[in-house]
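Since the structure comes first, as structure tokens, the remarks are kept for the end.
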Amino acid sequence: CQCICFFLSVVFIFVNLISCHNNKIELHHENHVALFIFGDSLLDNGNNNYISTILDFRANFWPYGETFFNYPTGRFSDGRLIPDFIAQFAGLPLIPPYLKPGNPEFRNGVNFASAGAGALLETHQGLVVDLGTQIKYFKKVETSLRHELGVAKAKNLLSKAVYLIGIGGNDYLTKNSTVVSNEEFVSMVIGNLTLAVKEIYKKGGRKFGFMEMMPLGCLPYIKAQNGGCCINGITQLAELHNSGFPKALNELKEKLNGFKYAHYNFFESVSERLNNPSKYGFKDATACCGYGEGRGVYSCGGKRGVTEFILCENPDDYLFFDAYHFSEKAYQQFAKLMWSGTIDIVWPYNFKTLFQANDQMF
């Protein structure tokens, strides 16, 4: 009898331990925060590898990816991009590109960004995955999650997820100045951005992270066309966007119940590093890979029409990796500011708050 009682006691303890363990797993699952990414080449981690496009919008060749990955992944940098670091800070694995063949796991999120893409359909149309199509892909993922997890769990995952959106630069870089005024054009871009947010919101999204426009007229490629100087007219478009977009976000906040966001002052971060590169650990605010003045010719890799290019010894010394895109070191600095920066650089919340706070803490 004593043996039976002892045996039953052991079984009872074992069952309780298993139950406790399972509860912890379920609790972890309930608190799990996924990351979904929409944007252009600053955020594209390889989607353009799988579409029919030109090499201007691809980075799946050497020397891209030369440092961290040791092979080209399709990221426009020597290594990782902002979403890779945000995922790391959030305790997530690298988020896969949506178009990568196979059956990706969507529970951690997915990346829809496409190099060259804009908020407007007309921007590089037929060569990229525009924002509207990225939203269509997201809706397919939402359907897939509902089938996999059930409606309630899918809704829970999507409501806790963070949605990173960084797009618009290509629209402004390719604007035809004779079609509409700058103000009208910016209004069109912001209108498409807000429409995308509303579509994500309809599917359960509540927590969003946005990147401002950077000083587009000071990219190495642009400066190389202008004797090494910035072109203020292009940067003015970025500034118009940056003054108008916060107003649109406030309107969304008023209309969409539970809408929370982080708005990152990308313009200020890039400007600071352009003006004071050594302060942030860079020897130069030009490009590591390219040709001509400031390596501003977009020839990195020698596959985009111009075969000549120079590759620096250490990309960490440079703010930019090629004529348009940043080095991994710069992306890491930007991501850290987005994650835990103070209200002067990312507001009203930073990304850490979006990921870690529950609804009651906002």
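The values are calculated or read from the model by the stated rules, or taken from the named source; none is laboratory data. Here the structure is a predicted model, which is why all the values come from computation and not from measurement. All Cβ positions, even for glycine, are placed from backbone atoms using ideal geometry, and neighbour counts span all protein chains on display. Accessible surface areas use protein heavy atoms only, side chains included; no ligands, DNA or RNA. Shrake-Rupley method; radii C 1.70, N 1.55, O 1.52, S 1.80 Å.
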Quiz item: What residue among 225, 340, 187 has its Cα farthest toward the positive end of the dipole of the chain, where the charges are +1 on Lys, Arg and -1 on Asp, Glu, each on the Cβ?
Solution: 340
Quiz item: What is the Cα radius of gyration of the chain over 2.2 N^0.38 Å, N being its residue count?
Solution: 1.09
Exercise. Specify which residue in the list 248, 65, 280 is farthest towards the positive end of the charge dipole of the chain, using unit charges on the beta carbon of Lys, Arg (+1) and Asp, Glu (-1), about the Cα centre.
Key: 248
Quiz item: Ignoring any ligand, DNA or RNA, what whole percent of the accessible area of the chain comes from carbon and sulfur when the probe is 1.4 angstrom?
Solution: 53
Exercise. Quick one: grab Rg to one decimal and Dmax as a whole number for the range 119-208, Cα atoms only, in Å.
Key: 15.5, 51
Quiz prompt | Förster radius 35 Å - calculated FRET efficiency between residue 155 and residue 121 (Cβ-Cβ, nearest 0.05) | solution = 0.75
Quiz item: Given H placed on each backbone N at 1.01 Å, which residues far from residue 208 in sequence or on other chains put an amide H within less than 5 Å of it?
Solution: 163, 260, 261, 262
Quiz item: For the chain, with every protein chain kept in place, what is the accessible area per residue (1.4 Å probe, Å²)?
Solution: 46
Quiz item: Between residue 308 and residue 179, what is the label-to-label distance in nm when each label sits 7 Å out along the Cα-to-Cβ direction?
Solution: 3.5
Practice problem: Whole Å is fine, so just give me how far the alpha carbon centre of the range 170-189 lies from that of the range 89-116. | Solution: 30
Self-check item: Packing rank of 331-341, 65-75, 212-222, where each peptide gets the mean count of other beta carbons within 10 Å, highest leading
Solution: 212-222, 331-341, 65-75
